[in-house]
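*Asks:* First, the structure itself, so that you have it in front of you.
The values are calculated or read from the model by the stated rules, or taken from the named source; none is laboratory data. No experiment lies behind these values; they were computed from the predicted model shown. Here the Cβ positions follow ideal geometry from the backbone for every residue, glycine too, while neighbour counts run over all protein chains shown. Areas reflect the complete protein model, heavy atoms only, side chains present, ligands, DNA and RNA absent. Shrake-Rupley method; radii C 1.70, N 1.55, O 1.52, S 1.80 Å.
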Amino acid sequence: MKKILVILDGIVAKKLMQRIVESNTRENNYDVVYMNDVVLPEQKASNFTFYKFDPTSESKLGMVLDKNVHSEVLIALNSKDEMLNVIKNIKERKKNLQITILDYWGIELEDPYVNIYKGIEVLANGMVERLPNIPVMAQNIGLKQGEIMEIHIPFGSSYAYRYIGSIEQTEWKIFGLYRNQQLINIKPSLILKPNDVILVIGKPTVLMQVYNAIGKSQGQFPMPFGHNIYLYLDLYLQNKKRVQDVIEEVKYLNKKFKNQKLIVRVTRPTTVGLMNLIKQSFEEDETVEIKMDYHNLGMIKLLKNDTKAFDIGMVILTNEMFRNKKHIKDILDLRVPIFKLGDELTGGIKKTVVLINDVNSYEQISPVVFDVSSQLRTKTRIFDMDPIGEHEDKTRLLDHFENLAKIFNQKIEIISNEKNPIRELKKQTNTLQILPLKEDMFNQRFSWKFLYTNPDLISFDMKKYSQLLIPVIEE
């Protein structure tokens with residue numbers, strides 16, 4: 001049990017005394033020197049001893065110092081001269097005693113045993129942190145460098161409606177979440193929502209980057225899934241013309257998206273000429289890294305290893321790789337967006353399309369829809385069609401999309417009627433469809449297509465247009 005000397009006077013003395021009493025765990029014994037009875041708490045715990053005298057008195061202070069062996073001293077006084085006088089008196093008797101002082105005057109002391117807690121800075125930081133768009137950092141925990149931070153999730157953030165397990169957390173980590181003034185248990189499947197407040201820990205420089213990314217409402221994708229995009233190219237499944245089209249489309253995406261690097265993984269190479277074509281296509285681009293697989297390690301094994309090794313935020317695959325859905329189903333475990341390249345690649349996307357189905361999953365992917373469309377500079381079409389008369393009310397979801405469009409400063413067109421949505425989708429040109437990535441998409445289908453009415457499953461089986469599949473938490 002440690003013995004602590006507390007010397008108090010002035011306008012903060014009563015509040016400081018109150019905080020010490022409230023924080024009392026009975027693991028410390030306190031000697032409290034005071035001059036005004038207003039400082040005294042209403043209830044005095046047995047591990048507190050109170051002395052009423054002027055602490056600038058060397059003899060009286062010496063009596064308390066000599067009586068007990070103190071591990072440290074806490075001082076909050078009303079005058080700079082009194083503070084320096086008390087420090088001097090303590091140093092004459094206990095040269096190596098740790099002292100923490102509350103300083104409002106700019107005291108400068110070259111003494112490793114005196115910790116100066118600058119009250120003016122604390123007040124200034126506290127007031128500034130009440131302003132919007134200012135990070136809130138723990139001032140006196142850990143290294144006291146801002147390695148613990150509180151971050152508010154604004155409406156329209158690319159981190160909103162993301163489940164925690166899908167957020168790349170390198171050199172930082174979410175360890176707490178407040179929602180509606182309640183502390184929520186952290187788990188990978190927990191979805192972040194607008195107005196949530198998260199507590200994060202990590203390197204201060206990294207936390208500032210995270211804070212800035214969370215606060216921005218556009219231009220972040222493929223974050224928060226990862227920093228880089230990744231093309232998996234199986235040459236055994238592609239002819240030369242297809243490879244050329246794929247390269248042009250991927251170069252376009254690499255230019256548009258705010259990724260740091262493009263990783264091109266080439267496997268099962270066929271001809272030297274085709275390999276040279278790939279290398280020459282990217283040789284002048286420093287953001288591209290080409291990785292070869294000469295050992296046919298297998299698609300899923302390579303994807304799992306590379307996703308982690310290269311901080312991948314989006315995987316690009318050709319639709320030829322989805323012929324065997326059962327074989328590729330493990331791709332769900334990656335928990336990153338999948339860009340499925342369609343048959344019609346024009347080297348440019350003119351519009352993004354969303355064919356809304358269930359409210360839960362489409363609410364989750366909504367921030368990504370507008371983040372992607374803002375980077376591609378495309379107009380977004382929302383198809384709200386109900387040809388079979390479903391009863392789920394999507395009014396709230398449509399309002400949600402319209403509100404997000406305003407935040408992202410994006411134009412949307414909502415098309416609502418009872419026509420067949422798939423037929424309408426097939427009429428689109430130069431289109432990217434954005435939809436949730438679901439487990440049912442990889443299940444075996446019956447050969448009778450007319451038995452299916454789920455637009456997500458029907459869309460997934462289409463090969464004409466490219467699709468961006470966003471992982472979601474399914475209820």
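*Asks:* Students sometimes get this wrong: rank MET35, MET63 by accessible area, probe 1.4 Å, all chains present, largest first.
*Replies:* Details: MET35 60, MET63 110 Å².
Putting MET35, MET63 in descending order of accessible area: MET63, MET35.
*Asks:* If Lys and Arg each add +1 and Asp and Glu each add -1, what is the summed charge of the other residues whose beta carbon sits under 10 Å from the beta carbon of LEU237?
*Replies:* Values: positive: ARG242, ARG268, ARG323; negative: ASP234, GLU320.
Once all neighbours under 10 Å are counted, the net charge is +1.
*Asks:* If each residue of separation counts as 0.36 nm, what is the full-extension length gain between PHE175 and ASN239 once their alpha-carbon separation is subtracted? Kindly include the intermediate steps, with their values, before the conclusion.
*Replies:* Details: separation 64, 0.36 × 64 = 23.04 nm, distance 4.84 nm.
Going from the current span to full extension adds 18.2 nm.
*Asks:* Three principal axis extents, largest first, for the C-alpha atoms of the range 76-115, in Å?
*Replies:* Computed over the range 76-115, the largest-to-smallest principal extents equal 24, 17, 14 Å.
*Asks:* Hey, another quick one. With 27 Å as the limit, write out which pairs from LYS187/LYS411; LYS193/LYS411; LYS279/LYS329; LYS193/LYS427 have Cα-Cα distances beyond it, or answer none.
*Replies:* On the way: LYS187/LYS411 35 Å; LYS193/LYS411 23 Å; LYS279/LYS329 30 Å; LYS193/LYS427 35 Å.
Going by Cα-Cα distance, LYS187/LYS411; LYS279/LYS329; LYS193/LYS427 fall outside the 27 Å limit.
*Asks:* Pull out the extension gain between HIS327 and ASN360, defined as 0.36 nm times the separation in residues minus the alpha carbon to alpha carbon distance; nm, one decimal. Write down the numbers at each step before the final one.
*Replies:* Details: separation 33, 0.36 × 33 = 11.88 nm, distance 2.75 nm.
Value of the extension gain: 9.1 nm.
*Asks:* Magnitude of the Cβ-charge dipole of the chain, K/R +1 and D/E -1, about the Cα centre, nearest 20 debye? Before the final figure, lay out the partial values.
*Replies:* On the way: 65 positive and 60 negative charges, 224 e Å.
Magnitude of the dipole: close to 1080 debye.
*Asks:* Starting with the highest mean, order 82-91, 21-30, 100-109 by the number of other Cβ atoms within 10 Å, averaged over the residues of each peptide.
*Replies:* Values: 82-91: 18.9, 21-30: 12.2, 100-109: 15.5.
The most tightly packed comes first, giving 82-91, 100-109, 21-30.
*Asks:* May I ask for the angle, rounded to the nearest 10°, between helix 13-22 and the longest principal axis of the chain, with both axes built from Cα atoms and the value confined to 0 to 90°?
*Replies:* It works out to around 60 degrees.
*Asks:* Could you sort 204-215, 335-346 so that the peptide with the highest average Cβ count within 10 Å comes first and the rest follow in order?
*Replies:* Working: 204-215: 17.2, 335-346: 19.2.
Descending packing order for the listed peptides: 335-346, 204-215.
*Asks:* What's the FRET efficiency of SER189 with GLN260 using the Cβ-Cβ distance as r and R₀ = 30 Å, to the nearest 0.05? Walk me through the numbers before you get to the answer.
*Replies:* Numbers: r = 28 Å, r/R0 = 0.93.
Rounded to the nearest 0.05, the efficiency is 0.60.
*Asks:* Now a separate question. Relative contact order of the range 167-267, please, whole-number percent, based on alpha carbon pairs below 8 angstrom and at least 6 residues apart. Don't skip to the answer; put the middle values down first.
*Replies:* Working: 103 pairs, mean separation 27.4, N = 101.
After rounding, I find 27 percent.
*Asks:* Take the Cβ-Cβ distance between GLU283 and ASP399 as r, set R0 to 41 Å, and report the resulting FRET efficiency rounded to the nearest 0.05.
*Replies:* 0.25
*Asks:* Compute the distance in nm between two label points, each set 7 Å from the Cα along the Cα-to-Cβ direction, one at SER79 and one at ARG93.
*Replies:* Here the answer is 2.0 nm between the modelled labels.
*Asks:* Please name which of ASN195, SER57, LEU334 has its Cα lying farthest along the dipole of the chain towards the positive end, using unit charges on Cβ (Lys, Arg +1; Asp, Glu -1) and the Cα centre as origin.
*Replies:* The residue sitting most towards the positive pole is LEU334.
*Asks:* Rounding to the nearest 10 and keeping the result within 0 to 90°, find how far the Cα-based axis of helix 395-407 lies from the longest principal axis of the chain.
*Replies:* The angle comes out at about 70 degrees.
*Asks:* Give me the percent of the accessible area of the chain that comes from carbon and sulfur atoms, probe 1.4 Å, all protein chains in place.
*Replies:* On the way: 11890 of 24510 Å².
Result for the chain: 48 percent of the exposed heavy-atom area is carbon or sulfur.
*Asks:* Right, next: How high is the relative contact order of the chain, in percent, with contacts defined as C-alpha pairs under 8 Å that are six or more residues apart?
*Replies:* Values: 831 pairs, mean separation 51.6, N = 475.
It comes to 11 percent, rounded to a whole number.
*Asks:* Still on this structure, please answer the following. Pull out the extension gain between LYS308 and SER416, defined as 0.36 nm times the separation in residues minus the alpha carbon to alpha carbon distance; nm, one decimal. Could the numbers behind the result be given before it?
*Replies:* Details: separation 108, 0.36 × 108 = 38.88 nm, distance 4.12 nm.
So the extension gain works out to 34.8 nm.
*Asks:* Please determine, in degrees from 0 to 90 and to the nearest 10, the orientation of helix 299-309 with respect to the longest principal axis defined by the Cα atoms of the chain, where the helix direction is its Cα long axis.
*Replies:* For helix 299-309, the angle is close to 30 degrees.
*Asks:* Hey, which lysines would be in cross-link range of LYS203, C-alpha to C-alpha under 19 Å, not counting anything within fewer than 8 residues on its own chain?
*Replies:* LYS144, LYS173
*Asks:* Oh, and also: If R0 is 22 Å, what FRET efficiency do you get for VAL12 and GLU150 from their C-beta distance, rounded to 0.05?
*Replies:* Using R0 = 22 Å, I get an efficiency of 0.35.
*Asks:* For the chain, divide the Cα radius of gyration by the Kirkwood radius and give the resulting Rg/Rh value with two decimals.
*Replies:* 1.16
*Asks:* Where a Cα-Cα gap under 21 Å defines reach, which lysines qualify for LYS80, not counting those fewer than 8 residues away within the same chain?
*Replies:* LYS14, LYS15, LYS52, LYS60, LYS88, LYS91, LYS94, LYS95, LYS118
*Asks:* Just the number please: accessible area per residue for the range 196-277, 1.4 Å probe, all protein chains included, in Å².
*Replies:* Working: 3360 Å² over 82 residues.
It amounts to 41 Å² per residue over the range 196-277.
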